[in-house]
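Below: one structure, written as structure tokens.
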Amino acid sequence: MARRRGAETYPARWRRSMHRARIALRRSGVDYFRGDGSDWIALAGLLIVIPVITCVTLLNPVWCSPTALALPIVAGGLLLRPASLLSLYATAAAALIVESVALGPYADGPARVTPGTVLVVAACGFFGLVLAQFRARVGVPWRRGGTMLFDLRERIRVQSALPRLPEGWHREMALRPAGGQSFSGDFVVAARTNGGRTLEVVLTDVSGKGMDAGSRALLLSGAFGGLLGSLPPHGFLPAANGYLLRQDWDEGFATSIHLVLDLESGDYELLSAGHPPALQLHSGNGRWEEMAAEGPLLGVYDGAEFDAVKGSLAPGDVLMLFTDGLVEASDRDIADGIDRLTGEADRYVATSFEGAAWHLIEACAKDVNDDRALLLLSRRA
């Protein structure tokens, strides 16, 4: 009873009310920055800022120019929805009129409201309204735009992760988008099938590069990841080709190479869709062999056939898959690029290719304005 009476005291009720208010404010703030909540907090703050700027301008127009009203207008274009933005503009226009009347004719001094001041504020308002309408049409507030792009980049990275391999196998992979961007038209999907005995890896190069190809690469990586392991190995590329044709993209082709590796015996099959050949290092003689499978580009025509090439990885052998950005350039032939790649790769044989994928891209195609991807699989001796 004493505890209940203590809970009903005024300080206790006040603390509970303040706690509920903090929780509500916190939820409102979280919803706002996620883009799900109302923008009334930002609108109220900007509506308060405009009179403050106006008062400071009237008191000291030399240090606080009338064009300072452009600051809340620009902020409103980033934070507010179009309907709220119009209210902010009306308030800013009223403040500009007050400043014009109070400061007198613009010919009396440099700190007056001139036609240029009005044009600057109006131009900022116009571009802010265009941005707000664009965001409203897309349906993604600016507060979520960066978060969504980060999430998409992480999803591509997770989908490109290779599964763990059994003892005796080592894998290295590196992806480098064009121009230092975060999105690439090259991607990898991989899975262990047949009860974990078989490793299937698909390396794909979507037409285009960087941000232009990133959205299509994300869509295709999800689709290819669903197909991989759900179809027999020889059915994957025909199904991927059909999927790409159904998209009916203006620039809708892609190259792809599909590796099916038996992790117990080391035997493998390669199927290619217009992709550069794979390279195998034979530990016995230290030579690189091109493993070139035949097949057309994905998304060009229906009913395409893809012929497999077979090989086997002995202990100490290495298999290398890559995209054309690593070996092709305007000033050299692809054969020269492959020779350079194998020459650089020989430097890392003694270290079992630990970290070699990243170093090979740095050595062979560091400043190339194209997406680059490299995958190394080695069977330990």
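The values are calculated or read from the model by the stated rules, or taken from the named source; none is laboratory data. What you see is a predicted model, and the numbers here were worked out from it, not measured in a lab. Quick reminder, even Gly has a Cβ in these numbers, built from the backbone with ideal geometry, and neighbours come from all protein chains shown. For the accessible areas, the whole protein counts, side chains as well, though only heavy atoms, and no ligand, DNA or RNA atoms are used. Shrake-Rupley method; radii C 1.70, N 1.55, O 1.52, S 1.80 Å.
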Legend entry - Computed label-point distance, nm, for sites H234 and S215 using a 7 Å Cα→Cβ extension: 3.8 nm
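Quick check: at a probe of 1.4 Å, how many percent of the accessible area of the stretch 206-302 sits on carbon and sulfur atoms? All intermediate terms of the calculation are to be shown ahead of the outcome.
On the way: 2060 of 4130 Å².
Of all accessible area on the stretch 206-302, carbon and sulfur atoms account for 50 percent.
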Legend entry - Simple label model, 7 Å out from Cα along Cβ direction - R164 to D346, nm: 3.7 nm
Inset, instruction - Return one whole number: the accessible area per residue of the stretch 201-346 in Å², for a 1.4 Å probe. - result: 42 Å²
Legend entry - Label point 7 Å beyond Cα of E289 along Cβ direction - residues of the stretch 312-349 with amide nitrogen under 15 Å: 312-320
Legend entry - Unit charges at the beta carbon, dipole of the stretch 258-307: most positive-side option, G299, H275, N285: N285
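Rounded to the nearest 0.05, what FRET efficiency is calculated for A93 and V62 with R0 set to 22 Å and r the Cβ-Cβ distance?
Working: r = 23 Å, r/R0 = 1.05.
FRET efficiency, A93 to V62: 0.40.
Assuming 1.002 mPa s and 20 °C, estimate D for the stretch 34-85 with Stokes-Einstein, Rh taken as the Kirkwood radius over Cα pairs, in µm²/s.
Working: Rh = 11.8 Å.
Reported coefficient: 181 µm²/s.
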Legend entry - Projected label distance in nm at D336 and V300, using a 7 Å step from Cα toward the beta-carbon: 2.5 nm
Inset, instruction - Wrap a convex hull around the Cα atoms of the stretch 234-381, take a quarter of its surface area, and give that in square nanometres. - result: 9.5 nm²
Inset, instruction - Only Lys, Arg, Asp and Glu count, each charged at its Cβ (+1, +1, -1, -1), so figure out the dipole size of the stretch 222-326 about its Cα centre, rounded to 20 debye. - result: 160 debye
Legend entry - Mean projected area (nm²) of the alpha-carbon convex hull when the stretch 321-374 is viewed from all directions: 3.4 nm²
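By the scheme Lys and Arg +1, Asp and Glu -1, what is the net charge of all other residues having a beta-carbon under 14 Å from that of D262?
On the way: positive: R192, R197, K310, R379; negative: E200, E264, D267, E269, D317.
Residues close to D262 contribute a combined charge of -1.
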Inset, instruction - For the stretch 181-287, just list the percent of Cα-Cα distances falling in each 5 Å bin from zero outward, please. - result: 2, 11, 21, 22, 18, 12, 7, 4, 1, 0
